[in-house]
Structures are given as structure tokens and as C-alpha cells.
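Below: the structure, in C-alpha cells.
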Amino acid sequence: MADQASVTNHASAPQSPHEPASQEPVSQKSLLPRVIGSRRAGLLATGALALIGLIFAWQASRLDLGQIGLPGPGFFPLLLGALLVVFAAAIAIEGRLASSKLASSKDEPLEFGHAQVLITFAALLTVPLLFELLGAYITLGLMSAVLLVCIARVSLLLAVVSSAVGMAACWYLFGELLGVRLPIGPF
């Protein structure tokens, strides 16, 4: 292996003794996406699913579970949260067993943390915070407009028009056809 100090780059060497050497641009490494091993990515994904299942089960356990013949509003979310935890654990165990069987094989690198995925998660996590405050239609319209602009790269005007049409359809479906009153916010 050649020593770095002994290797000469003639393209960037000074032309004359009085001319300074040109500086090569330093490549900046972007923060996202990060490259991680497929085993670690699998464990992170199953851990996230298990955490979401635990949060669902915890919140559902605070609701009325009802009785055997008549389940309450917390029964199905509790059941789904528990199933999510069980399936996440099964996936993690299966992945761990498969990786131990193939210990001689290399761990494939995966890119983790794409900007579009993070924007979608941020938009989805913002909806519950704004749902009661701004109302269902404004919150869902804002979310759909943000996703259309940031993910689909649609113009702002088209995103606003599309969101307005979608929210009108949502109002008609829930308010008129189903008779469900969604939160309208301060307006």
C-alpha cells in the first residue's frame, strides 16, 4: 500500500514555485440518509413497531374495555396494540435466528432516514396535535397540502386546490352521508 505522503497529484501541483496549489473541494457528507446494516435496520424497525404497539395498548387500556358480549371503545385498540407487539417480537426473533444461521454472510448495507419518509412522519405526527385545535378539515387539508408540495413536488396552487376539493369530499362523506360530526376547530 502506498503512503499518502509519497503519492503526488500532478494535476493540482503548482505550475511555478510562486503559484499556490489549488485547493480541492472537500466533499461534505450529508446527514441523511445514513447507511446501516440490514440486521440493525431490521431490529430498529421491529423496535419501532413494538413501541407503537405498546403506546396503543397503554392508551387503549385507559379507555373502557367493555364486557365480553359488548366490547368498549378501548377493546380493539388494545387488541391491535398487543398483536403489533407480538408480531414485532416474532419478526425480531426470526430475523435474529436467520442472521445467526447466516453468520458467515456479510451484513448488507441499507440507507435509513430518507427525507420523504421523515417529512411524512412529521406530517402524520402533527395531525393529532392540531386536530382539535384547528379542526379536522383544516388540519387534514394542511397535511395533504404539505405532503403534495414536499413529497409529490406539486405546485402550491395545485396543492391548495386539491386539498380543498379533498376536504369538501371529506365533509360531504362524513357530515352529510354518514352524519358524523368531526371537530371544526375555533371557526
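The values are calculated or read from the model by the stated rules, or taken from the named source; none is laboratory data. Here the structure is a predicted model, which is why all the values come from computation and not from measurement. Cβ sites come from the backbone with ideal geometry, for glycine too, and all protein chains shown count toward neighbours.
Here are some notes:
- Residue in region 130-139 that is closer than 20 Å to Val117 by Cβ and modelled with pLDDT under 95 present: no
- Listing of helices (runs of 4 or more DSSP H) fully contained in region 64-169 that carry 2 or more residues being outside the structural domain of Leu54 (by TED's automatic domain parsing) and surrounded by 17 or more Cβ atoms within 10 Å (Cβ to Cβ): 115-134, 136-150
- Qualifying residue in region 95-112 (condition: under 23 Å from the mean Cα position of the chain (by Cα) and among the acidic types (Asp, Glu)): yes
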